[in-house]
Amino acid sequence: MEIRQHEWLSASPHEGFEQMRLKSRPKEPSPSLTRVGANFYSSVKQQDYSASVWLRRKDKLEHSQQKCIVIFALVCCFAILVALIFSAVDIMGEDEDGLSEKNCQNKCRIALVENIPEGLNYSENAPFHLSLFQGWMNLLSMARKSVDIVSSHWDLNHSHPSACQGQRLFEKLLQLTSQNIEIKLVSDVTADSKVLEALRSKGAEVTYMNMTAYNKGRLQSSFWIVDKQHVYIGSAGLDWQSLGQMKELGVVFYNCSCLVLDLQRIFALYSSLKFKNRVPQTWSKRLYGVYDNEKKLQLQLNETKSQAFVSNSPKLFCPKNRSFDVDAIYSVIDDAKLYVYIAVTDYLPISSTSTKRTYWPDLDGKIREALVLRSVKVRLLISFWKETDPLTFNFISSLKAICTEIANCSLKVKFFDLERENVCATKEQKDHTFPKLNRNKYMVTDSAAYIAYAK
């Protein structure tokens with residue numbers, strides 16, 4: 001998300017009937033022959049008459065059948081046309097609840113939410129934000145009609161001492177199911193969650209997405225929509241580690257139904273894929289984006305004029321007017337004039353699978369362009385943990401090398417090792433049973449902020 005200041009069967013020709021014609025008579029017929037001839041002639045005429053009647057009836061029958069077939073075909077075409085019209089009919093910018101660009105609220109309040117793991121101590125002058133747990137609980141307390149949540153992880157109940165906040169969040173969700181509040185949850189089909197099963201047994205609607213069938217991937221989104229008014233977007237999923245072990249960052253929008261109007265369509269897109277193993281060839285217009293990189297939402301955030309739009313990934317999930325995540329990231333970097341600050345879990349321009357590795361230099365190339373061609377100051381904050389690929393350091397060294405002989409080329413890279421910073425690390429954390437990790441994913445420039453809602 002970026003914030004700135006859509007039988008017929010060909011009948012073969014009918015076989016003709018041969019007609020029998022008598023072209024001559026005997027010159028001097030005998031009476032007996034005359035009688036026989038007369039009978040024969042009468043018989044032939046009768047047969048000819050019968051054949052004519054049969055042919056006329058057959059023609060009428062075939063003509064009637066053809067009319068019926070034509071009428072039936074027209075009725076079928078009309079029915080299909082009506083179905084297509086109703087499936088495609090949509091007033092752009094309006095959802096099924098009557099929310100539209102004309103009546104939505106664009107004067108919003110925004111707040112950063114952050115989870116800081118136990119044992120991680122900031123300096124006294126460091127800025128502090130609302131805790132992730134408190135931000136989520138506030139949203140649930142505000143709910144009166146509906147709660148829609150997308151998360152790849154649903155593990156709120158755990159015996160670990162730091163899991164108490166996850167347990168309290170789970171209890172709050174259970175409480176809402178008994179208050180006539182509609183709860184819709186979306187998760188990856190690989191999630192084997194007792195939390196989801198418990199919520200479904202209480203009336204929550206649960207949708208599982210089979211991302212493996214679509215692109216051999218997994219659902220990584222994480223966002224909330226409450227009462228079609230309030231939104232959470234960030235790096236944290238609904239698992240106890242996001243509220244205890246991980247350093248997470250997100251943003252909450254209050255009273256921002258114009259943003260909901262757009263984000264709700266991504267939620268509806270996910271929900272439409274329930275029980276499906278492939279995406280439709282054409283998306284319904286109700287799933288088209290309302291705002292994108294070309295047409296940004298004009299809004300006020302804490303009384304400051306701003307612009308925003310929501311992007312999505314993979315490209316397979318980007319109907320008309322929906323910006324692709326990668327394109328949104330490129331746009332933010334390209335528009336930067338002074339600086340680009342990026343926080344990521346891993347920095348590795350390689351796509352890895354169990355069988356091969358593929359070099360993907362696009363994002364790395366954008367950073368190099370900003371450094372070399374536009375003299376934009378770049379700062380990278382990268383997580384260091386047990387899964388950090390050793391090649392990361394090679395690519396960072398290469399990135400630093402280009403600034404060696406170039407004037408006004410400013411690059412700084414820092415690695416965030418949470419377990420080293422954690423003075424109270426437990427035995428489980430030290431042996432990586434429950435590792436602590438800086439899982440933030442965001443980018444800030446002199447003109448925009450990009451917040452990734454992914455794990």
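The rows are residues; the columns are (1) over 20 Å from Ala328 (Cβ atoms); (2) out of contact with any strand residue (DSSP E or B) (no Cβ under 6 Å at 6 or more places or on another chain); (3) crowded, with 17+ Cβ neighbours inside 10 Å.
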{"position": "Val340", "(1), (2), (3)": "no, no, yes"}
{"position": "Asp346", "(1), (2), (3)": "no, yes, no"}
{"position": "Thr353", "(1), (2), (3)": "yes, yes, no"}
{"position": "Thr358", "(1), (2), (3)": "yes, no, no"}
{"position": "Leu363", "(1), (2), (3)": "no, yes, no"}
{"position": "Arg374", "(1), (2), (3)": "no, yes, no"}
{"position": "Pro390", "(1), (2), (3)": "yes, yes, no"}
{"position": "Phe395", "(1), (2), (3)": "yes, yes, no"}
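Scanning the range 323-351 for residues that are in a helix (DSSP H, G or I) and among the aromatic types (Phe, Trp, Tyr) yields one hit, Tyr330.
Answer yes or no: is there a residue in the range 209-223 that is under 18 Å from Ile110 (Cα atoms) and of a type outside the set (Asp, Glu). Yes: one or more hits.
Ser159 versus (1) polar (S, T, N, Q); (2) surrounded by 14 or more Cβ atoms within 10 Å (Cβ to Cβ); (3) modelled with pLDDT under 95; (4) out of contact with any helix residue (DSSP H, G or I) (no Cβ under 9 Å at 6 or more places or on another chain): which is the lone unmet condition? So the condition that Ser159 fails would be (2).
The set of residues in the range 310-325 that are out of contact with any helix residue (DSSP H, G or I) (no Cβ under 7 Å at 6 or more places or on another chain) and under 28 Å from Arg374 (Cα atoms) comprises Ser323, Asp325. Among residues belonging to the range 318-351 that are within 22 Å of Lys377 (Cβ to Cβ) and of a type in the set (Gly, Ala, Ser), point out the one that is farthest from the chain's Cα centre (by Cα). Among those residues, the one meeting the criterion is Ala336.
Within the range 376-388, the residues that satisfy the criterion of being surrounded by 13 or more Cβ atoms within 10 Å (Cβ to Cβ) and out of contact with any helix residue (DSSP H, G or I) (no Cβ under 9 Å at 6 or more places or on another chain) are Arg379, Leu381, Thr388. Looking at the structure I just gave you, is Glu171 charged (D, E, K, R) and surrounded by 15 or more Cβ atoms within 10 Å (Cβ to Cβ)? In short, no. Just one of the listed residues (Ser242, Ser235, Ser272) is among the hydroxyl-bearing types (Ser, Thr, Tyr) and either surrounded by fewer than 24 Cβ atoms within 10 Å (Cβ to Cβ) or in contact with a Cys (Cβ under 7 Å, 6 or more places away or on another chain) (or both), and it is Ser272.
With the structure loaded, tell me whether Lys320 is of a type outside the set (Ser, Thr, Tyr), surrounded by fewer than 18 Cβ atoms within 10 Å (Cβ to Cβ) and not in a strand (DSSP E or B) or whether it fails that test. Yes: the conditions hold for Lys320. Taking the options Lys184, Lys194, Lys172, Lys145, name whichever one is basic (Lys, Arg) and at pLDDT below 95. The match here is Lys194.
The values are calculated or read from the model by the stated rules, or taken from the named source; none is laboratory data. This structure is a prediction, so every number in the text was calculated from the model and none was measured. Cβ sites come from the backbone with ideal geometry, for glycine too, and all protein chains shown count toward neighbours.
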